[in-house]
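We did not get these values from a lab; they are worked out from the coordinates using the rules stated. As the structure is a computational prediction, the values presented were derived from the model and not from experiment. For neighbour counting, all protein chains shown are included, and Cβ atoms are generated from backbone atoms with ideal geometry for every residue, glycine included.
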Amino acid sequence: MRLVFLGTGAGVPSRHRNVAGLLVEFPERGRAWLVDAGEGTQLQLMKTTLSAHRIERIFITHLHGDHLFGLPGVLSSRSFQDGVGPLDLYGPPGIAEYAEASLRLSSTHLTYDLTVHEVADTDTLFHEDGYAVTTRLLDHVVPSFGYRITEDPRPGALAVDRLVAQGLGPGKWYGELKAGRSVTLPDGRVVDGRDYLGPARPGRVVAVTGDTRGCAATVELARGADVLVHESTYASDLADRAGVFGHSTAPQAAGVARAAGVGTLLLTHISARYGAEDLALLADEACAVFPSTVVMRDLDVWDVPGKE
């Protein structure tokens, strides 16, 4: 699983940051999901190795323009880029009306089936293909949802040394055994892969917030996650402003990460008032609360490693 930050800015695009957009890429499958689609998301996608037709699901956190205005273009471009597989779109109440109106008024015809799902607090959106996605309603000035992506437990390591000791050297059947299936060897022996697997390894967990104040719901969304992607619109001196507009400061986001016991905190949704020279301030403030924090930039890539 790989996270590609298409846009890490807040409110409006700036010279250094586009507005919200995050790819959750599954390289082994050649597919991806998209969380939010601010203005310019299509252009940011063109700077990556993945085109719009490989996006299978889109998750919109809330209906503010810096998270939404690029959606019609992504939907349209997917048709032009030979996107024929179905696409699922998830978002708050109103996302269906927005998608329908923008496509209808622009006379956009999609070459694929689009299914729109309006989400609710603590929804389990789906559990298939080895992943489950759940939601939490967070604390913003409009309904804003976070998404938690949970990978199913993965098979334990194959005990190759035991297989070799019993005369079962490497062969094409190793893949079947690794998957926990039984295979019949050329000499007629039947070997059950489950007998040669170590304990199952926990799946990876990634939690992504939309815009939100620091709140208990975000702690629950992110509980024990390997990676938390959290908005960090302001530094601590603008905490009052953050509260009024439903945003978080860097140390507030770090407090959520600490309370949730996450592995790594990735900060995004940075106000345009902060230039490249200010990122050290945001990082220092957050790391003072939660040391494993990184401030992300546009087109940064973060690999989420598997657990041993």
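Summary table below
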| item | result |
| --- | --- |
| DSSP-defined beta bridges in segment 102-217 - what % are antiparallel, rounded to 5 | 100 |
| Prolate/oblate/rounded label for segment 59-148 (Cα gyration tensor, a/c 1.5) | oblate |
| Antiparallel bridge percentage (DSSP; both residues within the chain; nearest 5) | 55 |
| Neighbour-count ranking [beta-carbon atoms within 10 angstrom, fewest first] of 230, 16 | 16, 230 |
| Label-reachable residues, segment 1-29, where backbone N falls under 15 Å from a point 7 Å from residue 47's Cα toward its Cβ | 4-10, 13-23 |
| Fluctuation leader among 85, 171, 255 - the chain, Gaussian network, Cα springs under 10 angstrom | 171 |
| Alpha-carbon centroid distance for the pair segment 188-204 / segment 19-45, whole angstrom | 35 |
| Read-out Rg/Rh (Cα atoms, Kirkwood Rh), derived from the coordinates shown; its label in (i) 0.92; (ii) 0.95; (iii) 1.04 | (iii) |
| Computed helical MRE - 222 nm, the chain, DSSP H runs ≥ 4 contributing -39500 (n - 2.57), nearest 500 | -6500 deg cm²/dmol |
| Separation between Cα centres of segment 248-308 and segment 63-118, rounded to whole Å | 30 |
| Within a Gaussian network of the chain (alpha carbon springs, distance under 10 Å), most fluctuating of 11, 243, 275 | 275 |
| Distance (nanometres) between label positions extended 7 Å along Cα→Cβ at residue 301 and residue 189 | 4.2 |
| Highest-MSF residue in the chain out of 116, 24, 164 [GNM, Cα springs under 10 Å] | 164 |
| DSSP-assigned coil residues among trypsin sites (Lys or Arg not before Pro) in segment 1-79, each with at most 12 further Cβ atoms within 10 Å | 15, 29, 47 |
| Which of 126, 5 has the fewest Cβ neighbours within 10 Å, and the rest in rising order | 126, 5 |
| Ranking of 232, 182 by count of other Cβ atoms within 10 Å, fewest first | 182, 232 |
